[in-house]
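The values are calculated or read from the model by the stated rules, or taken from the named source; none is laboratory data. Fair warning: this is a prediction, and the values are worked out from it, not measured in the lab. All Cβ positions, even for glycine, are placed from backbone atoms using ideal geometry, and neighbour counts span all protein chains on display. In case anyone asks, the SASA skips ligands and DNA or RNA and just uses the protein heavy atoms, side chains included. Shrake-Rupley method; radii C 1.70, N 1.55, O 1.52, S 1.80 Å.
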Amino acid sequence: MNALMPSPRLVRAALPALSLAALLVAIWFVQPRAISYFGFNLMLNLAMPIAFATIAQLCVITVNDLDLSIGAFVSFVACVGATWLNATPLLGVAVLLGAVVVYALVGALIHLRNLPSIVVTLGMSFFWLGCSVLLLPSPGGSAPAWLAALVKVRTPLVPFAILVSAALALVVHVGLMRSAWGAILRGAGGNPVAVARAGWSLLRTKVTMFALAGFFGVLSGLSLVGLTTSADANIAIRYTLLSIAGVILGGGEFVGGRVSPVGAVLGAMTLTLAGSLLSFLRISPDWQIGAQGAILIVVLALRALVNRLERRR
Amino acid sequence: MRQSAFSRLADWSAERPWLWSFVGAGLIFLATTAFTSGKGGGDVLTAALTFATFYVIVGIGQMFVITTGPGNVDLSIPANIALAGAVAMKVMDGSNAMIVPGLAAVAAVGLAIGCFNFALIRILSIPPIIATLSASFLVQSTAIAYGRGLRIKPPPIFAELATGRVLGVPILAIIAILVAAAMALVLRRTVYGRSVLAIGQNARAAGLAGIRVARVRFATYVLSAVFASFCGALLAGFSGGASLNMGEEFLLASIAVVVIGGTSVAGGFSNVPGIWGASLFLYLLVTMLNTFGVGAGVRLILTGLIIIAVIALSGGRRPGRG
Amino acid sequence: MDAPSASAIVQLEGVRKSFGAVRALAGVDLDVRAGECLGLVGHNGAGKSTLMQVLAGTLAADEGRLVVAGDDITASAGVAAARAHGVVCVFQELSLCPNLTVAENARVMHRAFRGFGWRKRAGAAMAAMLDDIFPRHGIDPADVVADLSIARRQMVEIARAFLVTDEPLRLVILDEPTSSLDQVVAEQLMAFVRRFVARGGSVILISHLLGEILATSDRVVVMKDGRVVETRPARDFTRDSLVAAMGSVAAREDEKRAAAAQPAGEVVVEARPARQADGRSLRARRGEIVGLAGLAGHGQTDLLVRINAAAQGREPHARVAGAVAFVAGDRQSDGVFPLWSIAENITIRSLGGLRRFGLIDPAAEARMAEEWRQRIAIRTPDMGNGILSLSGGNQQKALFARALASDAGIVLMDDPMRGVDVGTKQEVYGMIRAEAARGRTFLWYTTEFDELRHCDRVYVFRAGAIVAELAANEITEERVLQSSFAEEAA
């Protein structure tokens, strides 16, 4: 009996891919023409920045924290991209590097003072929002031409967004899940005491993960502004919630260092496509956020069910 | 002699963590009126009392949630406010006769959201942050779908209630002061309040001391949601109708007033007066920066940095814990 | 003494360690020789675990000298120094990262696993070590630890400790290594320990299975009250002489009570430990003082917590008639509300009865606090002071007051006298007897023999289950020890 049932871990690992497949089938059923190069190009237009933001969130969740400022940060990066990076590229690059350093410092502050990350990052979200408003009081600006050209590259056979997402998933998977240092970084989320007892610095792991979150946040903002070519201070506010949902959809847990970069990227795509399905179904866009929430709840419910079955064994 | 007087003063203020928020609010008020050479001081104060009211109502609910221990926070407040405001306006439909049914509907909204939040926390056994976040997605969508294009004005009496004054003091402020006094009593002098404080300090010990931890948490999430809903209704009454984004600023604000008001984010230690002090502080800060001609950007940056500074300074000091 | 020529790999001299007023180590001298397995036995609180933590570098000794492989590392003591000198400890609580695989956990401890192909090397090394120690272990190095059973996690932890990479390995400390292993696997481990020792390594083995100790060790060290009281070759001990060495030498038969007339009161508590295989269950009658004995961590606290939950209707496997109050032994995690005053800590269990018009009456609260300050002699000028202003013993009194002031007819005590001074203990014993005479029922888990003599009946626990029930006239230190230490794995 048990031999016939797939292991709960396998079920859990397959959930992100299954939910994405289910969504694709539904889209195909409603709008067969969408399942094509052009269809995907259109539908997954914004998958790239969302995937980067999701990976940024994943880095923070790995070390048992939560980043409620990622949306505001991505917006800020987009604003820098639409202004300084275009007008004075050197200044723009310096500011973006500085922003990553700020992220690392936030991680250090959280670790050293043992602060709740949600309050600190909520405060940071106001900080980034304020910076964006200062930089770009009203929507506008324009992205550097090279950036716009880069993110809109037409690749043969498979749309660019899918290729970038796949590459992102692969790189982060190798770095975090396969490398020797990745094991320590995840271990710091799983059993910090044991990792510290084995002689590793928890401060360093936290700073590394927050700096990585900042780095991926920068990539998210740049790819976003490349696609939209202009920015505003609130352009990516939704990303905070989307990125958390993406990590969770992808099989990540909030505590204990259990994350899956591949799953998270799939989760980000699922959330992006969910919007398309709704519009194919002619459901008002009012329900877009609600649908994302519902997907999140359904996935969490499924996972709770799998966990419960596992415990019963 | 001097030494002991000083240390007594230190003890006295340590027992009153809310003091600092009032001191901060007072200093900012003085700075503002000094800048305008005293002109409009009274108006600023009245406006502060009115706007602080909304922070206070939401903040008290959030404070109870945060007090129940680390990880507990209600992120569904903004969506809740948007939905409750829309429901209030639609049910009341501009008619004085419908105010009471409208408020009943608002209470029902709060109750439903609170129950939903806690059901997610319990049944899916997920952290409250994510539970309230995912619930807020659904609530927000409901609010958008339900309240789109809603242009119903609040009933005259309700609007009067939200904007009127008695002897120059906003009615809303009076209500909020009464509510705050009542909730301070609930926190200190009821079994429920004591249970909240105990759970926040040590949930396991609380269970072993006979407290029904799950029930108390349930009640707390419902409390927070109901307070947020009423805030939504009052906000709609105050601003002449519901708007979908009127709850946005309350996500940070509700947490900020709790933290600035001297409540420990580690749980088990909180006070109601601090919510008032912090709410006045936050509003007066905005007023001051406006008076100084500082733009919205700097204002936001300062708000964020002040919250981080407050938590960084107070967070390390966890009384009694290694 | 045998083989004096064998060189000492570890030498401890006059090691002392106190936690507040409690002296855990009262000057311990110990040496471990190369190529020997040293068995370490002793009852609860004898100081075994503290000593091992000092040796492994996770605790610093107050006094004494620590020499490993000829180097005096007293000054630089710490985990890093211990590891560098080849001392590794497998602690009772698991120190694996549950979210990582077996191979990745090896990497966390052994820095040598890095660079290209580290995963393969770490996995192969772990697989080889597991094969060596536990043939047919059924563990894949790619398995995530969280998916493994407790027994397999313990096997991984042990194998990881025996792995040698870039640091030498001289001494492995095994603290209750077989507690969750079945007998076959435990025997495999013991056989490996012999092989490891034969190759020149050293092992310190702590176990409550005396048969295991006697069969595997070369020498056995007996600890009691923070001292080493016996050191002899294992072959000179028998199970009985070992038990005798652990207990007090002079039997205190004089105080033994006559078999109490079986109280006729009704049964107010009936509960079965979760891991009880036979039909035995714990029963307590009104007015009885029932002791729960055995080694620490063998299911006594679990059962008390379950009985407490049953009183709230949250536990189907225990039956309780009436209200229950719990006196925590682990004050920090189970008892004290650190931000509150002494008074608030006492009244929390009784708030329902202190209300007037639905609100807690501060005057009534103060009265209750004051009453108990006098009755149980809590030494403080003001009950409004913070609970942490009290000494440990007085905090414990406040927790007793919380339970005794309540309306609960049943009081559960979770080894509440740990770290309490003698005077306080005597006061509390008297109070417990008086309250029992008034009809209160006490379930008293204790790790101290002397306290069991206040009980009407005693249940001895081992491996999460009741293994013996002793009537008042049968409660002797020897009987309790005999039942606590099993001959073979359960």
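How about the stretch B:139-161: which of its residues lose at least 30 Å² of accessible area in the presence of all protein chains relative to their chain isolated, using a 1.4 Å probe?
Going by heavy-atom accessible area, the residues of the stretch B:139-161 that drop by at least 30 Å² are B:SER141, B:ILE144, B:ALA145.
First measure r as the distance between the Cβ atoms of C:ARG65 and B:ALA5, then evaluate 1/(1 + (r/R0)^6) with R0 = 56 Å and state the FRET efficiency to the nearest 0.05. Before the final figure, lay out each step's value.
On the way: r = 51 Å, r/R0 = 0.91.
With R0 = 56 Å, the Cβ-Cβ based efficiency is 0.65.
For chain C, what is the percent of antiparallel DSSP beta bridges, rounded to the nearest 5? Can you show the working numbers first?
Details: 39 of 75 bridges.
Of the beta bridges lying entirely in chain C, close to 50 percent run antiparallel.
Please give the calculated 222 nm ellipticity per residue for chain B, where each DSSP H segment of at least 4 residues contributes -39500 (n - 2.57) and the sum is spread over every residue; nearest 500 deg cm²/dmol?
On the way: 14 runs with 238 residues, N = 322.
Dividing the helical sum by the residues of chain B leaves -25000 deg cm²/dmol.
Between C:LYS224 and residues 5 or more places away or on another chain, which pairs have amide H atoms under 5 Å apart, with H built 1.01 Å from N, and which residues are they?
Hits under the 5 Å cutoff: C:VAL229.
List the residues of the stretch B:198-227 for which accessible area in the full set of protein chains is at least 40 Å² lower than for the chain on its own; 1.4 Å probe, protein heavy atoms only.
Residues passing the criterion (a loss of at least 40 Å², heavy atoms only) are B:GLN201, B:ASN202, B:ARG204, B:ALA205, B:LEU208, B:ALA209, B:ARG212.
Count the lysine pairs in the protein assembly as shown whose Cα atoms lie under 29 Å apart, taking only pairs 8 or more positions apart in sequence or on different chains.
15
Excluding ligands, DNA and RNA, what is the accessible area buried between chains C and A, summed over both sides, using a 1.4 Å probe, to the nearest 100 Å²? Display every interim value, and only then the final one.
On the way: alone 21730 and 15320 Å², together 35220 Å².
Its buried surface, counting both partners, is about 1800 Å².
Given a cut-off of under 8 Å on Cα pairs at least six residues apart, what relative contact order in percent is computed for chain A?
Values: 506 pairs, mean separation 109.7, N = 313.
This gives 35 percent for chain A.
Just how many % of Cα pairs in the stretch A:195-237 lie over 18 Å apart, if you round to the nearest whole percent? Intermediate results must be reported in sequence, preceding the final value.
Working: 441 of 903 pairs.
Taking all Cα-Cα pairs of the stretch A:195-237, the fraction more than 18 Å apart is 49 percent.
Taking N as the number of residues in the stretch A:140-230, what is its Cα Rg relative to 2.2 N^0.38 Å? Before the final figure, lay out the partial values.
On the way: Rg = 17.7 Å, N = 91, 2.2 N^0.38 = 12.2 Å.
Taking the Cα Rg and dividing by 2.2 N^0.38 Å, one obtains 1.45.
Ignoring ligands, DNA and RNA, what percent of the 1.4 Å accessible area of the stretch B:139-291 is carbon and sulfur? Don't skip to the end; give the middle numbers.
Working: 3490 of 5280 Å².
Taking all protein chains in place, the stretch B:139-291 shows 66 percent carbon and sulfur surface.
Semi-axes, largest first, in whole Å: what does sqrt of 5 times each Cα gyration tensor eigenvalue give for chain B? It would help to have the intermediate numbers written out before the result.
On the way: eigenvalues 181, 156, 60 Å².
Working through the eigenvalues yields semi-axes of 30, 28, 17 Å.
Average partner chain C-beta neighbours within 10 Å, per residue of C:143-149?
Mean partner shielding for this stretch: 2.
Students often check this: by mean Cβ neighbours within 10 Å, which of B:186-199, B:252-265 ranks highest, and how do the rest follow?
Values: B:186-199: 21.4, B:252-265: 27.1.
So the order, starting with the most tightly packed, is B:252-265, B:186-199.
Over the C-alpha atoms of the stretch C:12-126, what are the Rg and the largest Cα-to-Cα span, Dmax, in Å?
Cα-based Rg and Dmax for the stretch C:12-126 come out at 16.8, 52 Å.
So if we plug the beta-carbon distance of C:ALA80 and B:ILE171 into 1/(1 + (r/R0)^6) with R0 = 51 Å, what FRET efficiency do we get, rounded to 0.05?
Numbers: r = 67 Å, r/R0 = 1.31.
Efficiency computed from Cβ-Cβ geometry: 0.15.
Please report the antiparallel percentage of DSSP beta bridges with both residues in the protein assembly as shown, rounded to the nearest 5.
55 percent
Chains A and B: buried accessible surface, both sides, probe 1.4 Å, rounded to 100 Å²?
Numbers: alone 15320 and 15380 Å², together 27280 Å².
Summing both chains' loss of accessible area gives about 3400 Å².
List, in order, the whole-Hz ³J(HN,Hα) value for each residue of the stretch B:122-127 obtained from phi through the Karplus relation with A = 6.51, B = -1.76, C = 1.60 and θ = phi - 60°; use x for Gly and Pro.
Taking θ as phi minus 60°, the curve returns 6, 6, 8, 6, 10, x Hz for the stretch B:122-127.
Provide the per-residue ³J(HN,Hα) series for the stretch C:188-197, in order, calculated from phi with Karplus coefficients 6.51, -1.76, 1.60 and θ = phi - 60°, each as a whole number of Hz, with x at glycine and proline positions.
4, 5, 5, 5, 5, 4, 4, 5, 4, 5
Separation between the A:LEU202 and B:ARG122 pseudo-spin-labels, each 7 Å from Cα along Cα→Cβ, expressed in nm?
With each label point 7 Å from Cα toward Cβ, the separation is 3.3 nm.
Given that compact globular proteins tend to follow 2.2 N^0.38 Å, what is the ratio of the alpha-carbon Rg of the stretch A:68-193 to that value? Don't jump to the answer; show the numbers that get you there.
Values: Rg = 17.8 Å, N = 126, 2.2 N^0.38 = 13.8 Å.
Relative to the rule-of-thumb radius for its length, the stretch A:68-193 sits at 1.29.
Relative contact order for chain C using alpha-carbon pairs under 8 Å, separation at least 6, rounded to a whole percent? Each step should come with its number before you reach the end.
Details: 944 pairs, mean separation 80.3, N = 490.
Reported as a whole number, the value is 16 percent.
How big is the gap, in Å, between the Cα center of the stretch C:264-295 and the Cα center of the stretch C:300-363?
20 Å
Output ³J(HN,Hα) for the stretch A:113-127: one whole-Hz value per residue in order, computed from phi by the Karplus curve 6.51 cos²θ - 1.76 cosθ + 1.60 with θ = phi - 60°, and x for Gly and Pro.
In residue order, the calculated couplings are 9, 6, 9, x, 5, 5, 5, 5, 6, 5, x, 4, 4, 5, 4 Hz.
For chain C, what are the per-bin percents of Cα-Cα distances with bins 10 Å wide, up to the bin holding the maximum?
Taking all Cα pairs of chain C, the binned fractions are 4, 17, 25, 24, 18, 9, 2, 0, 0 percent.
Inside 10 Å of the C-beta atoms of C:351-364, what's the mean count of C-beta atoms belonging to other chains? Write out the running numbers ahead of the final one.
Details: counts 10, 2, 0, 1, 3, 1, 0, 3, 7, 7, 1, 2, 0, 0.
If you average over the peptide's residues, the count of other-chain Cβ atoms is 3.
Regarding the stretch A:65-120, what's the average projected area of the Cα-atom convex hull, expressed in nm²?
Details: hull surface 14.9 nm².
Over all viewing directions, the stretch A:65-120 projects a mean Cα-hull area of 3.7 nm².
Going highest first, how would you order A:303-311, C:355-363, A:203-211 by mean Cβ packing within 10 Å?
Values: A:303-311: 13.8, C:355-363: 12.2, A:203-211: 22.0.
Ranking, from highest mean packing down: A:203-211, A:303-311, C:355-363.
Kindly report the accessible area of chain B per residue (heavy atoms of protein chains, probe 1.4 Å, no ligands, DNA or RNA), in Å². Walk me through the numbers on the way to the answer.
Numbers: 12510 Å² over 322 residues.
Per residue, chain B has 39 Å² of solvent-accessible surface.
Give, ordered by residue number, each residue of the stretch A:187-204 whose 1.4 Å probe accessible area is reduced by a minimum of 10 Å² on adding the remaining protein chains to the chain alone.
A:GLY187, A:GLY190, A:ASN191, A:ALA194, A:VAL195, A:ARG197, A:ALA198, A:GLY199, A:TRP200
Under a 5 Å amide H to amide H cut-off, with H placed in plane at 1.01 Å, what residues pair with C:GLY39 once short-range neighbours are removed?
Excluding prolines and chain starts, which carry no amide H, the hits are C:LEU205, C:ASP218, C:ARG219, C:VAL220, C:VAL221.
Which residues make up the longest stretch of chain C that has no GluC sites (Glu not before Pro) in a DSSP loop with at most 13 other Cβ atoms within 10 Å? All intermediate terms of the calculation are to be shown ahead of the outcome.
Numbers: sites that count: C:GLU93, C:GLU266, C:GLU487, C:GLU488.
It runs C:267-486.
Kindly report the accessible area of the stretch A:121-269 per residue (heavy atoms of protein chains, probe 1.4 Å, no ligands, DNA or RNA), in Å².
On the way: 5390 Å² over 149 residues.
About 36 Å² of surface per residue is accessible.
For a label point 7 Å from the Cα of B:TYR146 along Cα→C-beta, name the residues of the stretch B:79-95 whose backbone N is under 16 Å from it.
The answer is B:79-94, whose backbone nitrogens lie closer than 16 Å to the label point.
Leaving ligands, DNA and RNA out of it, rank C:HIS454, C:HIS110, C:HIS317 by accessible area with a 1.4 Å probe, largest first. Before the final figure, lay out the partial values.
Working: C:HIS454 30, C:HIS110 10, C:HIS317 115 Å².
Ranked list, largest accessible area first: C:HIS317, C:HIS454, C:HIS110.
How large, in percent, is the carbon and sulfur part of the accessible surface of the stretch C:63-121 at a probe radius of 1.4 Å? Show your work: numbers first, answer last.
On the way: 1420 of 2480 Å².
Exposed carbon and sulfur together represent 57 percent of the surface.
Between the stretch C:200-218 and the stretch B:237-299, what is the C-alpha centre distance in whole Å?
One Cα centre to the other: 64 Å.
Evaluate peptide A:131-139: per residue, the Cβ atoms of other protein chains within 10 Å of its Cβ; return the mean as an integer. Working shown, then result.
Values: counts 5, 2, 7, 6, 1, 1, 3, 0, 0.
Averaged over the peptide's residues, the number is 3.
How are the Cα pair distances of the protein assembly as shown distributed, in percent, across 10 Å bins from 0?
Answer for the protein assembly as shown: a P(r) of 2, 9, 16, 20, 20, 16, 11, 5, 2, 0, 0 percent.
If the viscosity is 1.306 mPa s and the temperature 10 °C, what Stokes-Einstein diffusion coefficient in µm²/s follows for chain A when Rh is the Kirkwood radius over Cα pairs? Walk me through the numbers before you get to the answer.
Working: Rh = 20.0 Å.
Calculated translational D: 79 µm²/s.
For A:GLY252, list long-range residues whose amide hydrogen, built 1.01 Å from N in the peptide plane, is under 5 Å from its own amide hydrogen.
Amide H neighbours of A:GLY252: A:SER260.
Please work out the C-alpha center-to-center distance from the stretch A:150-226 to the stretch A:277-306 and express it in whole Å.
Cα centroid to Cα centroid, the span is 26 Å.
Could you compute Rg(Cα) / (2.2 N^0.38 Å) for the stretch B:231-322, with N its residue count? Can you show the working numbers first?
Values: Rg = 15.3 Å, N = 92, 2.2 N^0.38 = 12.3 Å.
The value comes to 1.24.
With no solvent and one equal point scatterer placed on each C-alpha of the stretch C:371-429, evaluate the Debye formula and give log10 I(q)/I(0) for q = 0.12, 0.16, 0.20, 0.23 Å⁻¹, two decimals.
Once normalised to I(0) and log-transformed, intensities are -0.27, -0.48, -0.76, -1.00.
Which order do C:THR238, A:THR240 take when ranked by solvent-accessible area (1.4 Å probe, heavy atoms of all protein chains), largest first?
Numbers: C:THR238 80, A:THR240 15 Å².
Reading off the accessible areas and sorting them downward yields C:THR238, A:THR240.
At 1.4 Å probe radius, can you tell me the per residue accessible area of chain C in Å²?
On the way: 19670 Å² over 490 residues.
Result: 40 Å² of accessible area for each residue.
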